[in-house]
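Data first, discussion second: the structure below is written as structure tokens.
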Amino acid sequence: MRPALRLRATTALSLALLLGPLTTPVLTSPRAPAAPRAGTSAPPPLPARLAGTGGARRLLVATAPGTRATRGTLTWWERDADGGWRARGRAAARFGAGGLVEGTRREQGTNTTPTGLFGLPFAFGTEPAPAGTRLPYRPVTPRSWWCEDNASRVYNRWSEPRAADCRAEESERLADYPVQYAHALVTDFNYARPVRGRGAGIFLHVNGKGDTAGCVSVPAPAMRALLRWARPGARLAIGTETGRTAVTRY
């Protein structure tokens, strides 16, 4: 999914006023929530409120205020031996220029970020993997493509070299985006059994100049930290704070 789109200044300003600074991308525990009032109990952590986590013990949760938002928050959580979830880090996140949409209803070319719970099959990058990376990592070469051609047999797949039936104008040459794809995680949105026309190349990658074309992006230091932290089996949940696409539905 082509990542470079123009920044929407008004959206960024309104979200900054709402959320405040969220750009610290280090793997440290966020500030503990305020103690509940007497006679009340603290709400369970966000991962415990999801419909499911796919068995993941390391979970990334990307949330936006609503479906029209292009800014939000990415928090990464880890499940302890006692079964409790603890936040390990937090960063400001960017979404598609078209906002967010239910993953099963997404249409290719709408610049929307799909909501749902997704696996992270492998990572890639134009730069070497950060030390400590445990996920499979593919280096980007000048011949590395992500096929987004609906007519191709390798639709929504890495193709190196580009398959003969995968049109270049309908696909993405990964080396053309050295900033955004310095480091990235592939999501398995529309991946196992691709539905033509639903969309291809939905990644978690480094910020570009503005909104994405459907991916989720974070600052470069956060992306490097995530690659060092993630383990096979980690998952990414994307959703809104409330409504039909609330992240707790997935």
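The values are calculated or read from the model by the stated rules, or taken from the named source; none is laboratory data. Since the structure is predicted, the reported quantities are computational estimates derived from the model, not experimental observations. Counting neighbours? That spans all protein chains shown, and the Cβs are built from the backbone with ideal geometry, glycine included. What goes into the accessible areas is simple: the full protein's heavy atoms, side chains included, and nothing from ligands, DNA or RNA. Shrake-Rupley method; radii C 1.70, N 1.55, O 1.52, S 1.80 Å.
In this label model, Val179 and Arg193 are separated by 4.0 nm, measuring between points 7 Å along each Cα→Cβ vector. Between Glu241 and Arg143, the FRET efficiency estimated from the beta carbon spacing at R0 = 35 angstrom works out to 0.25.
The apolar share of the surface of the chain, taken as the fraction of accessible area on carbon and sulfur atoms (1.4 Å probe, ligands and nucleic acids excluded), comes to 52 percent.
A Stokes-Einstein calculation at 37 °C with viscosity 0.692 mPa s, built on the Kirkwood radius of segment 167-250 over Cα pairs, returns a diffusion coefficient of 226 µm²/s.
For P(r) over Cα pairs in 10 Å bins from 0, in percent, pick the label among (i) 6, 21, 31, 24, 9, 4, 3, 1, 0, 0; (ii) 8, 32, 38, 17, 4, 1, 0; (iii) 7, 30, 35, 20, 7, 1 that corresponds to the value derived from the coordinates. After the calculation, the listed value that fits is (ii). For the chain, averaging the sequence separation of C-alpha pairs within contact (under 8 Å, six or more residues apart) and dividing by the residue count gives a relative contact order of 28 percent.
Per residue, the chain exposes an accessible area of 47 Å² to a 1.4 Å probe, with every protein chain left in place. Taking the longest Cα principal axis of the chain as reference, the axis of helix 9-19 is set at about 30 degrees. Remark on Ala237: its backbone amide H falls under 5 Å from those of Leu60, Val61, Ala62, Phe118, a criterion applied only to residues 5 or more positions apart or on other chains, H modelled at 1.01 Å from N.
Using Cβ point charges alone (K and R +1, D and E -1), the dipole size of segment 141-250 about the Cα centre works out to roughly 400 debye. Here the dipole of the chain is about 440 debye; that uses its Cα centre as origin and unit charges on the Cβ of Lys and Arg (positive) and Asp and Glu (negative).
When Asp165, Asp176 are compared by accessible area of protein heavy atoms, the largest-first order is Asp176, Asp165, using a 1.4 Å probe.
Among residues other than Gly214 with Cβ under 14 Å from its Cβ, the summed charge is 0 (Lys and Arg +1, Asp and Glu -1).
Mind checking which of Arg105, Arg49, Arg157 has the largest fluctuation in a GNM of the chain, springs on alpha carbons under 10 Å? Most flexible of the set in this elastic network: Arg105.
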